[in-house]
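The values are calculated or read from the model by the stated rules, or taken from the named source; none is laboratory data. The structure displayed is predicted, hence computed values, not measured ones. Here the Cβ positions follow ideal geometry from the backbone for every residue, glycine too, while neighbour counts run over all protein chains shown.
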Amino acid sequence: MLSTLRNAWKVPELRKRFLWTIFLVAIFRIGIHIPVPGIDTSYLSSMTNSGGLLGFYNLISGGALSKFSIFALSVSPYINASIIMQLLTIAIPSLEQLSKEGEEGRKKIAEVTRYLTVALALIESTAMIIGFGNQGIFDTDAVKYSAMHDIRKWGVIVTGILAMTAGSAVLMWIGEQITEKGVGNGISIILLYNIVSRLPNDMANLYEKFIKGATTVTNGLLGAVIILAVLLGMVVFIIILSDGERRISVQYSKKTQGRKLVGGQSSHIPLKVNTAGVIPVIFAGSLFSMPIVIAGFAGIQPASGAGASFGQKILKVLNQNSWCNFDSLGEFKYTIGLVVYIVLLIFFAYFYTSITFNPQEIAMNMKKQGGFIPGIRPGKPTTDYLTKILNSIILLGAIGLSFVAVVPIFFSGAFGANVSFGGTSLIIIVGVVLETIKKIESQMLVRNYTGFLNNKR
């Protein structure tokens, strides 16, 4: 990987792309430290450090949410808009037809995605301002939220909504500029940098708890070895999970065009083991964390014991910080939430793959092009065969994804290893790095190719 980056830096055009990417990321990092006026950031710091959905959003925003900066929404509105458009493209025939019209169709879909991103940013910023406002996020010296007629209060609200919406739009523009003139996918690069920027603090927390805080030097060294082994093992496993695929051989029959006999090539259909990526983890995590966040706005916190209500116990089950606690049987029983979490991961893996990968459409396209799977008849038998293979692959990928997601939760609950990154973060880091390296290699291959009119090397 390092040799690829070193060789890419030697190419003038690629070097310009690297520098442009670094410049835009630097602008983004500066914007993270620009807070929305009239906000008490100390309140948010305590909430985002507690984990859950807010902790995850703070992670992917690079700490912008805890500072409640103009970039607090990060790229989540764009990601949500892209997922919604992807689902609508499958559900709405006109959008599906538009996606098949080539470059012009993709430009129109991208334009609609931008407008949807701004709309989602406006909705999310309004919900966050009002929701956190009810919890006392506003600086009491600047404005009193309880006074609904206070002009200054409404000024803070409107300013905050507009600033966060504009910040999300600027991030979308930065991401598109990186994709067009920089290196790799811009949104992925921003997401990667946000997560990586939080790793030094997490490593420092692990050092303070398990190495520096160890009773003996031997225990400290053993803790360091275990931490490194778990991290390296997780990275290797995620690489295998991300790159693993099942290749189904496809043979194309020969046919006569004029006086020529064409066709007869052999190809394959690559079926990724982790077909859904990190989407199941995000969906399941959001489904679990959303009730906790909403209840927090209403002043209800997860609790256990005789004095806790039924609703507080349910919130306790949904709270990831309550799982894998082996201190007592009364606390360990809340780990049933982890079982439900794994079931949801598997369900969303099947659900998302079913709406993004259509075996019937692939079988029809193969039949039209004269292709067939050796030993399988074209048409419905091919569809049934692809569906059978796909279901087994999805199950294998979902189990692997569940393992990646559960391991950090287990160590957090059993040993108190509270860090901001988890299985989802590691999957994003590994996936983005591999994707970026492949794009750099492809660009280097194009530039080193010797054509008919250029014999220079």
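Scan the range 212-222 for residues that are modelled with pLDDT of 80 or more and surrounded by 14 or more Cβ atoms within 10 Å (Cβ to Cβ) and jot them down.
Listed by number, the residues that qualify are Gly220, Leu222.
Mind listing whichever residues of the range 10-52 are in contact with a strand residue (DSSP E or B) (Cβ under 9 Å, 6 or more places away or on another chain) and either outside any helix (DSSP H, G or I) or at pLDDT 90 or above (or both)?
His33, Ile34, Pro35, Val36, Gly38, Ile39, Asp40 - these are the residues of the range 10-52 that are in contact with a strand residue (DSSP E or B) (Cβ under 9 Å, 6 or more places away or on another chain) and either outside any helix (DSSP H, G or I) or at pLDDT 90 or above (or both).
Matching residues to (1) at pLDDT 85 or above; (2) aliphatic (A, V, I, L, M); (3) part of a loop (DSSP other than H, G, I, E, B); (4) within 18 Å of Ile70 (Cα to Cα):
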{"site": "Ile130", "(1), (2), (3), (4)": "no, yes, no, yes"}
{"site": "Ala142", "(1), (2), (3), (4)": "no, yes, yes, no"}
{"site": "Met164", "(1), (2), (3), (4)": "yes, yes, no, yes"}
{"site": "Leu171", "(1), (2), (3), (4)": "yes, yes, no, yes"}
{"site": "Glu176", "(1), (2), (3), (4)": "yes, no, no, no"}
{"site": "Leu191", "(1), (2), (3), (4)": "no, yes, no, yes"}
{"site": "Asn194", "(1), (2), (3), (4)": "no, no, no, yes"}
{"site": "Phe237", "(1), (2), (3), (4)": "yes, no, no, no"}
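Would you mind telling me which numbered condition in (1) at pLDDT below 85; (2) in contact with a helix residue (DSSP H, G or I) (Cβ under 6 Å, 6 or more places away or on another chain) Ile342 fails?
Of everything listed in (1) at pLDDT below 85; (2) in contact with a helix residue (DSSP H, G or I) (Cβ under 6 Å, 6 or more places away or on another chain), Ile342 misses just condition (1).
Considering each of Val183, Val262, Val250 in turn, give the residue that is in contact with a strand residue (DSSP E or B) (Cβ under 8 Å, 6 or more places away or on another chain), farther than 24 Å from Glu124 by Cα and either crowded, with 19+ Cβ neighbours inside 10 Å or modelled with pLDDT of 85 or more (or both).
None of the others qualify; the one that does is Val250.
Which pairs do you get when a residue that is more than 19 Å from Leu192 (Cα to Cα), found in the range 433-444, comes within reach of a residue that is part of a helix (DSSP H, G or I) and at pLDDT 80 or above, reach meaning Cβ atoms under 9 angstrom, with the pair 6+ apart or on two chains?
Gln443/Glu13; Gln443/Leu14; Gln443/Arg17; Met444/Leu14
Quickly run through the range 200-216 and pick out the residues that are assigned to a helix (DSSP H, G or I) and not aromatic (Phe, Trp, Tyr). I'd like the intermediate steps shown before the answer.
Taking the range 200-216 and keeping what is assigned to a helix (DSSP H, G or I), we get 200-212.
Selection gives Pro200, Asn201, Asp202, Met203, Ala204, Asn205, Leu206, Glu208, Lys209, Ile211, Lys212.
Assuming Thr356 fulfils every condition listed in (1) touching a residue at least 12 places away in the same chain (Cβ under 8 Å); (2) touching a Lys or Arg at 6+ places or on another chain (Cβ under 8 Å) apart from one, which condition is it?
(2)
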